[in-house]
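Below: one structure, written as structure tokens.
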Amino acid sequence: MRTSSNPAFRNLPGGQGGYATFDRQGGAMGGATAYADAQAAQVGYGRAGVDERPLTMDDVVTKTAITGGVALAAGVLTALSGMYWLVLPAFIAGFIVSLIVIFKQSTNPGLVLTYSAAMGVALGGITGALEMSGTQFEGIGFQAVVGTAGVFIGMLVVYKTGAVRVTPKFTKWLMGAMFGVVILMVVNLVASFFTTGGIGLRDGSPLAYLFSIVCIGVAAFSLLLDFDMADRAVRDGAPAKFAWYIAFGLMTTLVWLYIEILRLLSYLRQE
């Protein structure tokens, strides 16, 4: 049985070059994913009972759209309000809620929407602060949103057309790539406390460009595994309420993807 690189979907077997806290937020995101991946219990989602409606793809699409809309609205409001000090507390709150959802395998819409709102505030604050730091960053938030949406749609097309098949070999390759990326993030983060720029993965150098592109690629291909797990949940007759959990899993990947795209754009804008 294949498992997703996403920490949420792992629970669903069938059946310094940056700005402000930019680098640390991205590193923490990858580290949280690796930690949850290693600790998540392999608990099945089960089948819908006689008194429950089975999951449909419409449920997944609707709940994903709602969670994404909440994150986008929270991000825009934070960026426009100028309350950038909310970045760190919002990120911490989102991280704590994500662990609760993952380990309890919760389908509570309140928790899922709280996570989306918190991460929206965190990313909106980072984006707003970045745009206010200089004219060269004006409009970078809009570009990052469009880029993230474009990657999501593109990978959905790739998945639906079967251009890239989600096989056990592909899954193992992607998991290895993800853990490799996370290890490098952690090493760079630790090194940044002792030397300026760490090992050069986030300082805007050519190596930093390459690393960001690799991170975007890994996050993008992770979406294929997420789509596959959603398909499996539908085919296996999971309860309709599990749409919230699937939407949460997709959001965790999209948050990481947005961070990496925003970072890469910031490098390009500094040229």
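The numbers here are math on the coordinates, done by the rules we state, and not lab data. What you are looking at is a predicted structure, and each value in this text was computed from that prediction instead of being measured. Note: ideal-geometry Cβ built from the backbone for every residue, glycine included; neighbour counts use all protein chains shown.
Let me check against my output: what whole-number percent is the relative contact order of the range 133-271, with C-alpha pairs under 8 Å and at least 6 apart? Working shown, then result.
Details: 90 pairs, mean separation 54.0, N = 139.
Contact order relative to length: 39 percent.
Between residue 167 and residue 100, what length in nm is gained on full extension when 0.36 nm per residue of separation is reduced by their alpha carbon distance?
Details: separation 67, 0.36 × 67 = 24.12 nm, distance 2.97 nm.
Roughly 21.2 nm would be gained on extension.
So between residue 135 and residue 61, what do we pick up on full extension, going 0.36 nm a residue minus the alpha carbon distance? Let's see the in-between values first.
On the way: separation 74, 0.36 × 74 = 26.64 nm, distance 3.69 nm.
Contour length minus Cα-Cα distance gives 22.9 nm.
Taking a point 7 angstrom from the Cα of residue 207 along the C-beta vector, which residues in the range 166-193 have backbone N less than 18 Å away?
So the set is 180-193.
Just to check I understand the Karplus step: with θ = phi - 60° and J = 6.51 cos²θ - 1.76 cosθ + 1.60, what whole-Hz values come out for the range 54-65, glycine and proline as x?
The phi angles translate into x, 5, 10, 5, 4, 4, 4, 4, 5, 5, 5, 5 Hz.
Any of 169/241; 104/169; 63/104 with alpha carbons more than 24 Å apart? Name them for me. Intermediate values should be presented prior to the final figure.
Details: 169/241 31 Å; 104/169 29 Å; 63/104 19 Å.
The answer is 169/241; 104/169.
Suppose the chain between residue 53 and residue 81 were pulled fully straight at 0.36 nm per residue; how much longer would it get relative to their current alpha carbon spacing?
Additional length available on full extension: 5.9 nm.
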